[in-house]
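Asks: After the structure tokens below, expect a handful of questions from me.
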Number of protein chains: 2
Amino acid sequence: MKITIAQINYHIGNFEGNLQKMKEAVNKAKKEGADIVCFSELASCGYPPRDFLEFSDFIAGADDVIQSLASMTNDIAIVLGSPTVNPKPEGKDLFNSAYFLAEGKILHIQHKALLPTYDVFDEYRYFEPATSFKVLNYKGKKIALSVCEDIWNIDNSNPLYTVCPLDEMISQKPDFVINVSASPFTFNHAQNRIDVLKANVDRYKIPIFYINHVGAQTELIFDGGSLVMSPDGSVYDEMKYFEEDLKSFDLDAVMSNQKSNERAKNKIELIHDALVLGLKDYFDKLGFKKAILGLSGGIDSAVTAVLAAKALGEDNVRCLLMPSQYSSDHSVNDARKLAKNLGCQYDILKIEEIYQSYIKVLEPHFLGTAQNVTEENIQARARGMLLMAISNKFGNILLNTSNKSEMAVGYGTLYGDMCGGLSVLGDLYKMEVYELAAYMNKDVEVIPLNTITKPPSAELRPGQKDSDSLPDYEILDEILFQYIENRKGPAEIIAMGHDEMLVKRILRMVNVNEFKRYQTAPVLRVSSKAFGMGRRMPIVGKYLS
Amino acid sequence: MKITIAQINYHIGNFEGNLQKMKEAVNKAKKEGADIVCFSELASCGYPPRDFLEFSDFIAGADDVIQSLASMTNDIAIVLGSPTVNPKPEGKDLFNSAYFLAEGKILHIQHKALLPTYDVFDEYRYFEPATSFKVLNYKGKKIALSVCEDIWNIDNSNPLYTVCPLDEMISQKPDFVINVSASPFTFNHAQNRIDVLKANVDRYKIPIFYINHVGAQTELIFDGGSLVMSPDGSVYDEMKYFEEDLKSFDLDAVMSNQKSNERAKNKIELIHDALVLGLKDYFDKLGFKKAILGLSGGIDSAVTAVLAAKALGEDNVRCLLMPSQYSSDHSVNDARKLAKNLGCQYDILKIEEIYQSYIKVLEPHFLGTAQNVTEENIQARARGMLLMAISNKFGNILLNTSNKSEMAVGYGTLYGDMCGGLSVLGDLYKMEVYELAAYMNKDVEVIPLNTITKPPSAELRPGQKDSDSLPDYEILDEILFQYIENRKGPAEIIAMGHDEMLVKRILRMVNVNEFKRYQTAPVLRVSSKAFGMGRRMPIVGKYLS
């Protein structure tokens, strides 16, 4: 038996586009003599469809895809994920299902039982869990179909769930497992997946065909890396990361394999490739080509520009250098040098006159007040407005260049440097941005060395440095990581050896700046806890604030 | 037996503040000779605590509240909601529980079984559902404790659920029900609640004491209106709406009551009072006093200003009038008249010079392009920046004045008129804003009549009117309502008699503008489907777009 995995970049709600890609893959698989071709979770409608699932018109669109594909199955079987209407009045309206199409019809449907409802996942908002688990027969083989999370509760050891779907199926003696997934990227998740597949194979001693989604959907990046694992737990094949891919596998060869083809994984390289894909798909799926960003001479905008140039092509990235009276010469020089290295268009627009025009209007109302952060914000906002003006006039999407450390503590100006349609680095702590910059420069100095070595500064007042108001980023990042990723409270973080006053000050800054993060762009997610849909905090709370 | 209901405005995570308020209520109840005093759902920590629940430090704070209150119960019993750690490894980490404290200790705990996970609710993200249901005995009475949603599945007729907690308890013959709730306001929800209580009482023939939360938590407004219903289904008492309240009830009197004390409910009056509370609490809970907003002479900013003056006091509301070269005289006059009517400080700041300073910087880059929406956006953004500058300098929170109709179709400038910390009217369609204005003017002309009668215009180019780019608001609002509140697809809306091209154009506008709404302020929620946390849409989808 030959099984083809089609690892495809779907587009949410774009039923025609998704169907077209799947048809092409079916035809390729037929040419390769496949018996079964497999697509990923909710392939018909794209993942995550979110509240579009509440529209029966949307569900009808997914059903049409199923019907069209079923009509192609006289000489091949097709496996894909799609929503199913729950026929019973009680329970949620839908199931999240794996479909097995063959002989021109729907031969089998297996619903998902384990519905992730944590972090970025909201599946119990929409779906009723499966309660029955049946293996299907096809061409003399017994196949256990399963959907994503359903293989993530091995031996009932996952505390979130009380059912183990494959345990329920194993008494029916399946020959192999097909798992349709939409498992988003985090920098350590590819390894987690292999570990989970291994644990399943160790338990059941049958091969698994694991089909992941590839491509980014706003903030979620799906990294692909679909897997075939042999019954001895070796990786028979690990498909491409961050790219579409199609491969056919002979079941007998998979059964008898004994050597592992696992790929090496490097954190920063994975993050780099994930962000490039995240950027590219945000533009592609919205139908835009051109980006714009402000280059300050600092590291965040430099790294963002490099990523944008890789994702969109240097001709599609426009940089604005917007010095003020407080900008140092090296800032403009470093920014210019980077733009030249990348081959991107850059323009220098001075903001001082705009700043002065605001001050002139505001002066009578500011009488008797001292200069403070207000005047700094006006500069940051003048830059944001210029970027938005060019963006509006020429159809560029503005890229936000904030990093996770500054987003966490609110070190940024709302409607100023926090503007932008997509936050590229918002899930990278400052020290990770440095690591990424070093990775980019490993062969040739793309980012000017001075951008990397000089002390970070917002340059909104004379001689300003980040370290005037923030602790060293090594310490800040570690405290933020314990609070954000690990959900440690102040006592626990202090017990790790951090200064009590500093910990309390930082956690307070995180919490009182929730209102700023609420209004920022979606953040490309690369960690296990990114700002945005996966981290839901009250704005008017009074916890640690 | 005497039962006191304490309807309190809690603050999320403010354990000390919440405890203090509850202690005062306990002491009052003791003075009134009560046997039991009841608080609402998750009263210890405030509702909704959202991802704060993932911090064990936060749960410890709630437990401390329980311990402190338990120590007050030698001569009174206390009922309140608080999270409980799930002792079992499997399942979610917490339960959402009703506590019964008496004799100095925790006498009984009943967990919640029905966990709303739809619209604004995410309870299954955090909580494991209850599987056991036990009535408790106290002073010779049997009491069925329940939490909010647990009374919302009468006769298992609610399609979302498969358990009916009170059905499970009724065989234990309870004398009455205490339901601790945190049920947020929508303009028809107070009536829904009475209907649900009636259906429960009709089924079980025992009285219900229903304790609701009052007060706003960012976008969610809890309206209070705690209820006591007699066994014959009559409303024995309906407590205050939008205010804290404390009342003691004699159980025998409740048992024998036969007349209804239901209050009249008027949609626009309820919305008005809800928005005033929503505004007030946003400021109070963040520790701010002063608001600022731009007055354009139009209806949205006028209605927002009236609400702000009521919520915060006219001395705490500052208005900026920011005419451009395209502003009509009547705009400034109408705005000035309103500010004077309200007694609010107002200042006139002209934006033309700021606008020109941008144009001067941009001119070389705009060579050969035609004027378009870019130049309109610069005006809207110059206004936003001036408002933010005053806001930063003097500590005002900027109020956003967008209505739901324009937020829906993206008729507004990101980082311009879409700025602000809180969206006051973002859940009111334009026609509802007119209704609210009429209600405000019912006794005296607070809002200048001209503001109400003139055709809506953004005044960003000469002679511009909303109707140049949008259909009449009567039609627009109806189509939006069918799509947003009723989740109807294009075919269904067209079948209602609307023009096909228009419907498709409007739904497309809604969907392609998701990126703008993603970056706007939290919206005070008054309808069953507000923009924000209750409506989760992909940005890069291609559905109806």
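Asks: For A:N158, indicate whether it is touching a Cys at 6+ places or on another chain (Cβ under 9 Å), under 24 Å from A:E219 (Cα atoms) and in the same structural domain as A:D35 (by TED's automatic domain parsing).
Replies: Numbers: touching a Cys at 6+ places or on another chain (Cβ under 9 Å): yes; under 24 Å from A:E219 (Cα atoms): no; in the same structural domain as A:D35 (by TED's automatic domain parsing): yes.
Taking the combined requirement at face value, the residue does not satisfy it.
Asks: If you take the residues of region B:517-545 that are in a strand (DSSP E or B) and more than 7 Å from chain A (Cβ to nearest Cβ), which of them is surrounded by the most Cβ atoms within 10 Å (Cβ to Cβ)? Break it down stepwise before answering.
Replies: Taking region B:517-545 as the starting set, the residues that turn out to be in a strand (DSSP E or B) are B:523, B:532, B:535.
Checking which are more than 7 Å from chain A (Cβ to nearest Cβ) leaves us with B:523, B:532.
Details: B:V523: 28, B:G532: 22.
Result: B:V523.
Asks: Take the conditions closer than 17 Å to A:S146 by Cα, modelled with pLDDT of 95 or more, surrounded by fewer than 19 Cβ atoms within 10 Å (Cβ to Cβ) and assigned by TED's automatic domain parsing to the domain that holds A:C164 and apply them to A:I109. Does it pass?
Replies: Here the answer is yes, as A:I109 does meet what is asked.
Asks: Here's another thing I want to ask about it. Taking the options A:G384, A:G421, name whichever one is under 24 Å from A:L220 (Cα atoms) and at the interface with chain B (Cβ under 9 Å from one of its Cβ atoms).
Replies: Values: A:G384 fails: under 24 Å from A:L220 (Cα atoms).
A:G421 is the lone residue from the list that is under 24 Å from A:L220 (Cα atoms) and at the interface with chain B (Cβ under 9 Å from one of its Cβ atoms).
Asks: Here is a check on your reading of the model: is A:D315 part of a helix (DSSP H, G or I), under 22 Å from A:I12 (Cβ atoms), in the same structural domain as A:G420 (by TED's automatic domain parsing) and at pLDDT 95 or above?
Replies: Numbers: part of a helix (DSSP H, G or I): yes; under 22 Å from A:I12 (Cβ atoms): no; in the same structural domain as A:G420 (by TED's automatic domain parsing): yes; at pLDDT 95 or above: yes.
So A:D315 fails the test.
Asks: If I ask for residues that are of a type in the set (A, V, I, L, M), within 14 Å of chain B (Cβ to nearest Cβ) and more than 21 Å from A:H213 (Cα to Cα), which ones from region A:43-93 would you list?
Replies: Filtering region A:43-93 down to residues of a type in the set (A, V, I, L, M) leaves A:43, A:53, A:59-60, A:62, A:65-66, A:69-70, A:72, A:76-80, A:85.
From what is left, the residues that are within 14 Å of chain B (Cβ to nearest Cβ) are A:53, A:59-60, A:62, A:65, A:85.
Residues satisfying the conditions are A:A60, A:V85.
Asks: Let me ask something additional. Of all residues in region B:284-311, count the ones that are in a helix (DSSP H, G or I) and either in contact with a helix residue (DSSP H, G or I) (Cβ under 6 Å, 6 or more places away or on another chain) or closer than 20 Å to B:P448 by Cα (or both).
Replies: From region B:284-311, those in a helix (DSSP H, G or I) are B:284-286, B:299-311; that's our starting set.
Imposing the further condition that a residue be either in contact with a helix residue (DSSP H, G or I) (Cβ under 6 Å, 6 or more places away or on another chain) or closer than 20 Å to B:P448 by Cα (or both) reduces the set to B:299-311.
Looking only at that region, the number is 13.
Asks: Now for a different question. Regarding B:L476, is this residue surrounded by fewer than 17 Cβ atoms within 10 Å (Cβ to Cβ) and away from chain A (no Cβ under 12 Å)? Give the steps one after another, and end with the answer.
Replies: On the way: surrounded by fewer than 17 Cβ atoms within 10 Å (Cβ to Cβ): no; away from chain A (no Cβ under 12 Å): yes.
No; evaluated as a whole, the condition is false for this residue.
Asks: I'd like to verify a number: residues in region A:9-42 that are in a loop (DSSP other than H, G, I, E, B), more than 14 Å from chain B (Cβ to nearest Cβ), hydrophobic (A, V, I, L, M, F, W, C) and in contact with a Ser or Thr (Cβ under 7 Å, 6 or more places away or on another chain), how many?
Replies: The number of residues fulfilling the criteria is 1.
Asks: Within region A:355-369, does at least one residue satisfy the condition of being at the interface with chain B (Cβ under 7 Å from one of its Cβ atoms), surrounded by fewer than 20 Cβ atoms within 10 Å (Cβ to Cβ) and not in a helix (DSSP H, G or I)?
Replies: So far as region A:355-369 goes, yes, one or more of its residues are at the interface with chain B (Cβ under 7 Å from one of its Cβ atoms), surrounded by fewer than 20 Cβ atoms within 10 Å (Cβ to Cβ) and not in a helix (DSSP H, G or I).
Asks: Given the structure, is B:V512 crowded, with 20+ Cβ neighbours inside 10 Å, within 14 Å of chain A (Cβ to nearest Cβ) and within 24 Å of B:Y415 (Cβ to Cβ)?
Replies: Details: crowded, with 20+ Cβ neighbours inside 10 Å: no; within 14 Å of chain A (Cβ to nearest Cβ): yes; within 24 Å of B:Y415 (Cβ to Cβ): yes.
No: the conditions fail for B:V512.
Asks: Okay, next question. Output the number of the condition that A:N400 fails; it satisfies all remaining conditions of (1) crowded, with 24+ Cβ neighbours inside 10 Å; (2) closer than 24 Å to B:S357 by Cβ; (3) within 14 Å of another protein chain (Cβ to nearest Cβ).
Replies: The failed condition is (2).
Asks: Please verify whether A:Y346 is in the same structural domain as A:L307 (by TED's automatic domain parsing) and touching a helix residue (DSSP H, G or I) at 6+ places or on another chain (Cβ under 6 Å), treating the condition exactly as stated.
Replies: Numbers: in the same structural domain as A:L307 (by TED's automatic domain parsing): yes; touching a helix residue (DSSP H, G or I) at 6+ places or on another chain (Cβ under 6 Å): yes.
Yes, satisfied.
Asks: Output the residues belonging to region A:105-131 that are in a helix (DSSP H, G or I) and within 9 Å of another protein chain (Cβ to nearest Cβ).
Replies: Narrowing region A:105-131 to residues in a helix (DSSP H, G or I): A:123-125.
Of everything in region A:105-131, those that are in a helix (DSSP H, G or I) and within 9 Å of another protein chain (Cβ to nearest Cβ) turn out to be A:Y124, A:R125.
Asks: With the condition kept exactly as written, say whether any residue in region B:524-535 is over 16 Å from the mean Cα position of the chain (by Cα), over 21 Å from A:L53 (Cβ atoms) and not assigned by TED's automatic domain parsing to the domain that holds B:P48. Talk me through it step by step, then tell me what you get.
Replies: First, the residues of region B:524-535 that are over 16 Å from the mean Cα position of the chain (by Cα): none.
Within region B:524-535, none of the residues are over 16 Å from the mean Cα position of the chain (by Cα), over 21 Å from A:L53 (Cβ atoms) and not assigned by TED's automatic domain parsing to the domain that holds B:P48.
The rows are residues; the columns are (1) within 25 Å of the chain's Cα centre (by Cα); (2) assigned by TED's automatic domain parsing to the domain that holds A:Y99; (3) surrounded by fewer than 22 Cβ atoms within 10 Å (Cβ to Cβ); (4) within 18 Å of A:A144 (Cα to Cα).
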{"site": "A:S183", "(1), (2), (3), (4)": "yes, yes, no, no"}
{"site": "A:N188", "(1), (2), (3), (4)": "yes, yes, yes, no"}
{"site": "A:Q191", "(1), (2), (3), (4)": "yes, yes, yes, no"}
{"site": "A:I194", "(1), (2), (3), (4)": "yes, yes, yes, no"}
{"site": "A:K198", "(1), (2), (3), (4)": "yes, yes, yes, yes"}
{"site": "A:Y210", "(1), (2), (3), (4)": "yes, yes, no, yes"}
{"site": "A:G215", "(1), (2), (3), (4)": "yes, yes, no, no"}
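Asks: Here is a follow-up. crowded, with 22+ Cβ neighbours inside 10 Å, hydrophobic (A, V, I, L, M, F, W, C) and under 25 Å from A:A253 (Cβ atoms): does that describe A:V147?
Replies: Details: crowded, with 22+ Cβ neighbours inside 10 Å: yes; hydrophobic (A, V, I, L, M, F, W, C): yes; under 25 Å from A:A253 (Cβ atoms): no.
In short, no.
Asks: Looking only at region A:238-259, count every residue that is farther than 17 Å from A:S40 by Cα and either among the charged types (D, E, K, R) or in contact (Cβ under 8 Å) with a residue 24 or more places away in the chain (or both) and tell me the total. Please lay out each step first, then the result.
Replies: Our first condition is that a residue be farther than 17 Å from A:S40 by Cα; within region A:238-259, this holds for A:250-259.
From what's left, either among the charged types (D, E, K, R) or in contact (Cβ under 8 Å) with a residue 24 or more places away in the chain (or both): A:250-252, A:254-259.
Qualifying residue count, region A:238-259: 9.
Asks: Shifting gears a bit: Restricting attention to region A:321-333, does a residue exist that is within 14 Å of chain B (Cβ to nearest Cβ) and not in a loop (DSSP other than H, G, I, E, B)?
Replies: Initially, region A:321-333 is screened for residues within 14 Å of chain B (Cβ to nearest Cβ), giving A:321-324.
From the residues that got through so far, the ones that are not in a loop (DSSP other than H, G, I, E, B) too are A:321.
Yes, there is a match, as at least one residue in region A:321-333 is within 14 Å of chain B (Cβ to nearest Cβ) and not in a loop (DSSP other than H, G, I, E, B).
Asks: Considering only region B:403-413, state which residues are out of contact with any Ser or Thr (no Cβ under 8 Å at 6 or more places or on another chain) and either facing chain A (nearest Cβ under 10 Å) or not in a helix (DSSP H, G or I) (or both).
Replies: B:N403, B:G410, B:T413
Asks: Please state which of the following conditions B:K23 fails to meet, knowing it meets all the rest: (1) surrounded by fewer than 22 Cβ atoms within 10 Å (Cβ to Cβ); (2) farther than 23 Å from B:F249 by Cα.
Replies: (2)
Asks: Can we say B:N392 is in contact (Cβ under 8 Å) with a residue 12 or more places away in the chain, within 11 Å of another protein chain (Cβ to nearest Cβ) and touching a helix residue (DSSP H, G or I) at 6+ places or on another chain (Cβ under 6 Å)? If you could, list the steps in order and put the result at the bottom.
Replies: On the way: in contact (Cβ under 8 Å) with a residue 12 or more places away in the chain: no; within 11 Å of another protein chain (Cβ to nearest Cβ): yes; touching a helix residue (DSSP H, G or I) at 6+ places or on another chain (Cβ under 6 Å): yes.
So B:N392 does not fit the description; no.
Asks: Scanning for something assigned to a loop (DSSP other than H, G, I, E, B), over 18 Å from A:T520 (Cα atoms) and within 12 Å of chain A (Cβ to nearest Cβ), does region B:489-501 turn up at least one residue?
Replies: Applying the first criterion (assigned to a loop (DSSP other than H, G, I, E, B)) to region B:489-501 yields B:489, B:496-499.
Narrowing the set further to residues that are over 18 Å from A:T520 (Cα atoms) leaves B:489, B:496-499.
Retained after the next criterion (residues that are within 12 Å of chain A (Cβ to nearest Cβ)): B:489.
So far as region B:489-501 goes, yes, one or more of its residues are assigned to a loop (DSSP other than H, G, I, E, B), over 18 Å from A:T520 (Cα atoms) and within 12 Å of chain A (Cβ to nearest Cβ).
Asks: Return only the number of the condition from (1) surrounded by 20 or more Cβ atoms within 10 Å (Cβ to Cβ); (2) touching a residue at least 40 places away in the same chain (Cβ under 8 Å) that A:C319 does not satisfy.
Replies: Here A:C319 meets the rest and fails (2).
Asks: Tell me yes or no: at least one residue of region B:246-266 is within 20 Å of the chain's Cα centre (by Cα), more than 14 Å from chain A (Cβ to nearest Cβ) and over 30 Å from B:A458 (Cα atoms).
Replies: Within region B:246-266, the subset within 20 Å of the chain's Cα centre (by Cα) is B:265-266.
Subsequent filtering for residues that are more than 14 Å from chain A (Cβ to nearest Cβ) retains B:265-266.
Still in the list and also over 30 Å from B:A458 (Cα atoms): B:265-266.
Yes.
Asks: Further, regarding this structure: Can A:I378 be described as aliphatic (A, V, I, L, M), surrounded by fewer than 23 Cβ atoms within 10 Å (Cβ to Cβ) and either modelled with pLDDT of 95 or more or not in a loop (DSSP other than H, G, I, E, B) (or both)?
Replies: On the way: aliphatic (A, V, I, L, M): yes; surrounded by fewer than 23 Cβ atoms within 10 Å (Cβ to Cβ): no; either modelled with pLDDT of 95 or more or not in a loop (DSSP other than H, G, I, E, B) (or both): yes.
Answer is no for this residue.
Asks: I would also like to ask the following. So which pairs qualify, if the first residue must be in region A:281-298 and farther than 30 Å from A:P456 by Cα, the second must be crowded, with 24+ Cβ neighbours inside 10 Å, the Cβ gap must be under 6 Å, and the two must be at least 6 apart or on different chains?
Replies: From region A:281-298, the pairs are A:D281/A:G215; A:D281/A:A216; A:K285/B:V540; A:L286/B:V540.
Asks: Additional query: When region A:153-173 is examined, which residues are found to be more than 14 Å from chain B (Cβ to nearest Cβ) and either surrounded by 21 or more Cβ atoms within 10 Å (Cβ to Cβ) or in contact (Cβ under 8 Å) with a residue 60 or more places away in the chain (or both)?
Replies: A:P165, A:L166, A:M169
The values are calculated or read from the model by the stated rules, or taken from the named source; none is laboratory data. In this text the structure is predicted, and so the values were computed from the model without any measurement. Cβ atoms come from the backbone with ideal geometry, glycine included; neighbour counts cover every protein chain shown.
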